[in-house]
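Asker: Mind having a look at this structure? Questions to follow.
The values are calculated or read from the model by the stated rules, or taken from the named source; none is laboratory data. Just so it is clear, the model here is predicted, and its values are computed rather than measured. Cβ: placed from backbone, ideal geometry, glycine included. Neighbour counts: every protein chain shown. Side chains included, ligands, DNA and RNA excluded: accessible areas come from the protein's heavy atoms. Shrake-Rupley method; radii C 1.70, N 1.55, O 1.52, S 1.80 Å.
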Amino acid sequence: MVVEVTTERGGSRRYPAVTTDTATPQGGRRTAGGAYPAPIRQWPLLAVLAGTLTGLLVMTVGDFRIGLLIVGCAMLGGCVLRLVLPAVGMLAVRSRFTDVMTYGLLGALIVVLTLMAQPDPWLELPFLKNILRFSAGD
C-alpha cells in the first residue's frame, strides 16, 4: 500500500519514478541570500581553498613541512566548518557525515605524515616509521 501525502499546493510529496535533477547535499544551501555577491555566499569553500593555496605557496617558496601543515589544517578547518555550520554552500559534497569524515581523516593524515617526514621528523610513531623512510640508494 503506497500512501501519497499532498502538500498545501496540491502536489504530491512522493518521489517521481524518473528523476530529472540531483538532490542538494545536506547543508548545501548558500550561506547568504542571492542578493549577496558569490564570495560572500560561498565563504566556507573559499576559506578552505585559500588555506590550501597558502599552504602550497609556502611549500614552494619555504619549508615544505610548514606548507603541508597549513594544507592539513585547512582540511581540518573544512571539517569543523562542515560539522558546525548549518549551510556551507559548495563545501557540502555529500552527506554531512561523509564530508566530515573525509575532511577530518584527510586533514589528520596530512598533518601526521607531515610531522613524521624525514629527515629529522618532529614526531616518531614506531609502527609507522617504515612507511615514511626515504632512501637515497642504500
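Asker: Looking at region 47-63, can you tell me whether even one residue there is in contact with a helix residue (DSSP H, G or I) (Cβ under 7 Å, 6 or more places away or on another chain), at positive phi and buried (at least 16 other Cβ atoms within 10 Å of the Cβ)?
Answerer: No, the conditions are met nowhere in region 47-63.
Asker: In this structure, is T98 modelled with pLDDT of 90 or more and exposed (fewer than 12 other Cβ atoms within 10 Å of the Cβ)? Quick ask: steps written out before the conclusion?
Answerer: On the way: modelled with pLDDT of 90 or more: yes; exposed (fewer than 12 other Cβ atoms within 10 Å of the Cβ): no.
Considered against the rule, which asks whether it is modelled with pLDDT of 90 or more and exposed (fewer than 12 other Cβ atoms within 10 Å of the Cβ), T98 comes out as no.
Asker: What number goes with the only condition from (1) in a helix (DSSP H, G or I); (2) surrounded by fewer than 17 Cβ atoms within 10 Å (Cβ to Cβ) that A32 does not pass?
Answerer: (1)
Asker: Could you check region 66-122 and list, in sequence order, the residues that are charged (D, E, K, R), over 29 Å from A23 (Cα atoms) and in a helix (DSSP H, G or I)?
Answerer: So the first thing to find is which residues in region 66-122 are charged (D, E, K, R), and the list is 82, 94, 96, 99, 120.
Among the residues that remain, those that are also over 29 Å from A23 (Cα atoms) are: 120.
If the condition is that a residue be charged (D, E, K, R), over 29 Å from A23 (Cα atoms) and in a helix (DSSP H, G or I), then no residue fits.
Asker: Among L83, L106, which is the only one that is at pLDDT 90 or above and open to solvent by 90 Å² or more (accessible area, probe 1.4 Å)?
Answerer: Details: L106 fails: open to solvent by 90 Å² or more (accessible area, probe 1.4 Å).
Just one listed residue meets the conditions, L83.
Asker: Sticking with this one: Of everything in region 27-83, what is of a type in the set (V, I, T) and free of Cβ contacts under 8 Å to residues at least 24 places away in the same chain? Give them in sequence order.
Answerer: Residues of region 27-83 of a type in the set (V, I, T): 31, 40, 48, 52, 54, 58, 60-61, 66, 70-71, 80.
Scanning region 27-83 gives I40, T52, T54, V58, T60, V61, I66, I70, V80.
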